[in-house]
Amino acid sequence: MKMKNKIITAVVLIMALFVLLLALERILPPSSMLFVVLKKGAIYALVAVSMNLLNGFTGLFSLGQAGFMLIGAYTYAILTIPMEARGMVYQYFDGGIVPLALPVILAIPLAGLVTAIFAYLIGLPVLRLKSDYLAIATLGFAEIIRAILQWDKLGPITNGSNLLKLYPVFTSVIFPFAVTGVCIAIIVLLINSSYGRAFKAIREDETAAEAMGINLAHHKQLSFTISSFFAGIGGALLAMYQTTVQASAFRATMTYEILLIVVIGGIGSVTGSCISSFLFIACSEWWLRFLDNTIFIGNFQVPLLGPGFRKVVFSVIVMIIVLFYSRGIMGTKELSLEGLYQFLRKRSEKKKKGDVPA
Amino acid sequence: MGFFQTNLPYILAGISVGGQYALIAIGYTLVYGILRLINFAHGDIFMTAGFMMVYLSASLPLWLSIPLVILLTVLLGFLVERIAYKPLRKAPRMSIMISAIGVSYLIQNCAWYVTSGLAKQFPVIPWISDSVTVFSATTKVVTILTPVFTLGLVAALVLLIRHTKIGMAMRAVSRDFETSQLMGIKINSVISTTFIIGSFLAAVGSILYFTNYTTVTPTAGSMPGLKAFVAAVFGGIGSIPGAVLGAFLIGICENIIKGLGWTTFSDAFTFALLIVILIARPTGLFGEKSMDKV
C-alpha cells in the first residue's frame, strides 16, 4: 500500500511540474532567461547524471564526456537534416551522402546507440587502465573524436569543420524535460538494480567486489557504455538547443564543467547532480550576469566589474566548494519526499523542545 | 636525402617545440612522481607566464621583465600548491585531481577576464627572434637555441637531483611518501620545491614557446600542457630523461604530420600515442615497475 502511495505522489508531482512548466510558458515572454536556464539545465542534468553514473557510482574517473556528447550531437544532426536542406548545409560537399532524414523520435535513441557503440569499442582497451590514467586516456579519445569529425575526407558525412544546421529543434521547454526525465528515471532504476549494487561495490573496493563474484571487466564496460549512451542523448538535446552544432565547441573545458557540476552536486547523488546543474547554469547564464556589466552607484564606478568577471567569481566559488565542501550539496544522499518530511518533522519536534531557536 | 631536404623545416620546428614540451613535461613528471597527481593546472601556469611577459615587457625593459616573469611564475606555482593541493593531502586522489581541474578553470577564467579573451602579441625578444638559415631552411634563432637550452637545464636538474640534499629528499619522497616522512624529511618543503622547479622550467619554456608562436590566448596552455603530460607518460612518469626524450619525439612527429598535410590529426596523434603506450607498456620507456597503473 505504501509503495502504491509513493508512486501516486510521484506521478502527481511530475504532472504538477509539467503543468507548471506549461503555465510558465503561457505567462512569461519566450525570451525570458528562465527558459534558457530550464532548457540548458535539463540537458546538463542528463549529462551530469550520466557522468555521475560512471564517476560517482562505478568509481571510474572518465573525462570523455564531451567526446561522447559530440558523437551524439553529430549523429542526431546528420540523421535529421531534411533532404531539401542538405544542399545548403553540405554546400562544399554536394549535399552529402546520407540518403535519408529520420524523424526526431527515432534519431534521438539512435544518437545514444551510436555513441554507445563507439564507447564500447573505446572501452575495450581503455577500461583496463586505472584512475588518472583512465582519465587522461578518455580525455585523449575525446580529442581524437573531435579531430576525426573535423576531418575533410569525412566531409560528405560530417560536413568537415563546418557547421551542421537546419535540423529539427525544440522550442518548448517541455521536450528536454520529458527526455531528460525518462533517461534519468532509467538511470535511477539501473542504479537501484543488482547491476547498480555491483557498480557501487566496484567503486568501494575492486578486489573485494571481484572476490564476491562480480565480473569487473563486464560491469565496467556496461557502466561505461550506458553512461555514454545517455551522454550521446544529452549531446543530441544540446544540438537541438543550440540549433547549430560544430565539433570545435566540444573541448575538454566542456567535460571539466560537467565534472564540476557533478562535484558540486555531490559525487554519487543523482538528485544532487540535477540540482547543481540547474544552479550552475542559472549562475553562469543568469544570476551572475550583472558582474559582467560596469555599474555606477552615483558617480562611483564599482571596481573590478567587467566582461568575464562573472566567470572569475564563479570559478572562485567552485574552488571553495572543491576545497572546503568536498561532499558537495548532497554528498551521496538523495533528495526524496520522505527524507524531506522526516527532516521537517525532526526540526519541528526539536523546536517544540526549544533546541532550535526559531 | 630528398625527404630530408623537404622535411627539414618541420624537423627543426619539431626539435624546437619538443624542447619546449620537455621543459613543461618535467614539471608534470616531478609532481606526478611525488604526489601521484596530474597537475592539470601546469599548462595554465605556462600560459600565465606568457601573459605576464606580455604585460610586464610593455612597461619594463627586457632584462628586468624576464627574471620578474620567472619569479612571478614560480610564486604562482608555489601558491597553487599551497592553496589548492596542500589542504587535500589526506583526501582521496580523485578530489585532488578535481581540485587541479578547478584551478585550471580558475586560471583560464582569470586570464580571460584580464585580457577580455583577446589574443595578445608576445613581445619580440632581440636576437632569439632573429632569422637564421640552417642547411637552406630559414628559421628563428630560438629554434636552434631551445634544444641547447633545454638540455642544459635538464643536465643541471639531474645534477641537482643526484647530488644535493634536497634532490635526495625528492628521490626518497617519490619512492615512498610515508616512510620518508618517518625518516624526518619535511614533506611540505620538498613538495613546494618540486612545484618551484616545475614552474621555473615552465616559465622558461613559455618564453621560448611564445617567441616562436607569437600570440598568447587564455587557452594557449591546455594543449601544450596535455602534450607534455603525454610526453611524461611516454618516457615513464617520474623519469626526467624519459620525459625529455618523449617530448622531443612528440614534437618531431607532430610537425612531420603537419608537414605531410594532416594538420587535423597532429593533436590526435599525440593522444593515440598515449593510448598505445598506456596499453602496451604502461610504465613508459624508462619508468620503474610500479604498483597500480593498470
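The table below lists the values:
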read-out: Some residue of the range A:69-82 being within 14 Å of chain B (Cβ to nearest Cβ) and closer than 19 Å to A:T243 by Cα; value: yes
read-out: Residue satisfying all of: in the range B:113-124; more than 9 Å from chain A (Cβ to nearest Cβ) and not charged (D, E, K, R); nearest to the chain's Cα centre (by Cα) among these; value: B:F122
read-out: Residue in the range A:341-348 that is surrounded by 13 or more Cβ atoms within 10 Å (Cβ to Cβ) and charged (D, E, K, R) present; value: no
read-out: The one condition in (1) at pLDDT 90 or above; (2) surrounded by fewer than 16 Cβ atoms within 10 Å (Cβ to Cβ); (3) within 14 Å of another protein chain (Cβ to nearest Cβ) that A:A142 fails to fulfil; value: (2)
read-out: Any hit, the range B:237-246, residues being under 18 Å from B:L37 (Cβ atoms), in a loop (DSSP other than H, G, I, E, B), out of contact with any His (no Cβ under 8 Å at 6 or more places or on another chain) and not β-branched (V, I, T); value: yes
read-out: Matching residues, the range B:188-223, being at pLDDT below 90 and part of a helix (DSSP H, G or I); value: B:T211, B:N212, B:Y213, B:S222, B:M223
read-out: The range B:89-102: number of residues that are at the interface with another protein chain (Cβ under 7 Å from one of its Cβ atoms), in a helix (DSSP H, G or I) and either among the aliphatic types (A, V, I, L, M) or without any contact (Cβ under 8 Å) to a residue 40 or more places away in the chain (or both); value: 7
read-out: Residue, surrounded by the fewest Cβ atoms within 10 Å (Cβ to Cβ), within the range A:310-333, restricted to residues that are hydroxyl-bearing (S, T, Y) and at the interface with chain B (Cβ under 9 Å from one of its Cβ atoms); value: A:S326
read-out: From the options A:A42, A:A66, A:A48, A:A73, residue that is in contact (Cβ under 8 Å) with a residue 24 or more places away in the chain and touching a strand residue (DSSP E or B) at 6+ places or on another chain (Cβ under 6 Å); value: A:A73
read-out: Pair list, Cβ under 8 Å, 6 or more apart: the range A:7-22 residue surrounded by 10 or more Cβ atoms within 10 Å (Cβ to Cβ) and of a type outside the set (A, V, I, L, M, F, W, C), other residue assigned to a helix (DSSP H, G or I) and modelled with pLDDT under 90; value: A:T9/A:L337
read-out: Extreme residue, farthest from A:V263 (Cα to Cα), among residues of the range B:114-143 that are aromatic (F, W, Y) and surrounded by fewer than 21 Cβ atoms within 10 Å (Cβ to Cβ); value: B:F135
read-out: Options B:V276, B:V233: the member that is hydrophobic (A, V, I, L, M, F, W, C), over 20 Å from B:I70 (Cβ atoms) and surrounded by fewer than 21 Cβ atoms within 10 Å (Cβ to Cβ); value: B:V276
read-out: Count of residues meeting criterion [out of contact with any Pro (no Cβ under 9 Å at 6 or more places or on another chain) and either within 11 Å of chain B (Cβ to nearest Cβ) or not in a helix (DSSP H, G or I) (or both)] in the range A:259-293; value: 12
read-out: Pair list, Cβ under 8 Å, 6 or more apart: the range A:330-357 residue over 17 Å from A:A10 (Cα atoms), other residue modelled with pLDDT of 75 or more and among the hydroxyl-bearing types (S, T, Y); value: A:M330/A:S269; A:M330/A:T271; A:G331/A:S269; A:T332/A:S269; A:K333/A:S269
read-out: Failed item in (1) away from chain A (no Cβ under 14 Å); (2) closer than 23 Å to B:L201 by Cα; (3) without any contact (Cβ under 8 Å) to a residue 12 or more places away in the chain, with B:C110 passing the rest; value: (1)
read-out: Some residue of the range B:38-57 being at the interface with chain A (Cβ under 8 Å from one of its Cβ atoms) and either over 27 Å from A:A137 (Cα atoms) or in contact (Cβ under 8 Å) with a residue 40 or more places away in the chain (or both); value: yes
read-out: Selected residue [more than 18 Å from the chain's Cα centre (by Cα), under 30 Å from B:G261 (Cα atoms) and more than 8 Å from every other protein chain (Cβ to nearest Cβ)] from A:L127, A:L149; value: A:L149
read-out: Of the criteria (1) within 14 Å of chain A (Cβ to nearest Cβ); (2) not in a helix (DSSP H, G or I), which one B:W127 fails; value: (1)
read-out: Output for the range A:4-23, where each listed residue is under 16 Å from A:A185 (Cβ atoms) and either touching a Gly at 6+ places or on another chain (Cβ under 8 Å) or not β-branched (V, I, T) (or both); value: A:K6, A:A10, A:L13, A:I14, A:M15, A:L17, A:F18
read-out: Residues being closer than 16 Å to A:T138 by Cα, in a helix (DSSP H, G or I) and of a type in the set (A, V, I, L, M, F, W, C) - total across the range A:223-257; value: 6
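So that you can scan it fast, the table gives a plain yes or no per residue for (1) within 26 Å of A:Q150 (Cβ to Cβ); (2) modelled with pLDDT of 90 or more; (3) hydroxyl-bearing (S, T, Y):
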position	(1), (2), (3)
A:L22	no, no, no
A:L34	no, no, no
A:K39	no, yes, no
A:A42	no, yes, no
A:A45	no, yes, no
A:S50	yes, yes, yes
A:F57	no, yes, no
A:P82	yes, no, no
A:Q91	yes, no, no
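So that you can scan it fast, the table gives a plain yes or no per residue for (1) of a type in the set (G, A, S); (2) surrounded by fewer than 24 Cβ atoms within 10 Å (Cβ to Cβ):
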site: B:T6; (1), (2): no, yes
site: B:L23; (1), (2): no, no
site: B:L35; (1), (2): no, yes
site: B:A41; (1), (2): yes, no
site: B:Y55; (1), (2): no, yes
site: B:I70; (1), (2): no, yes
site: B:I83; (1), (2): no, yes
site: B:A91; (1), (2): yes, yes
site: B:S99; (1), (2): yes, no
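The values are calculated or read from the model by the stated rules, or taken from the named source; none is laboratory data. As the structure is a computational prediction, the values presented were derived from the model and not from experiment. For neighbour counting, all protein chains shown are included, and Cβ atoms are generated from backbone atoms with ideal geometry for every residue, glycine included.
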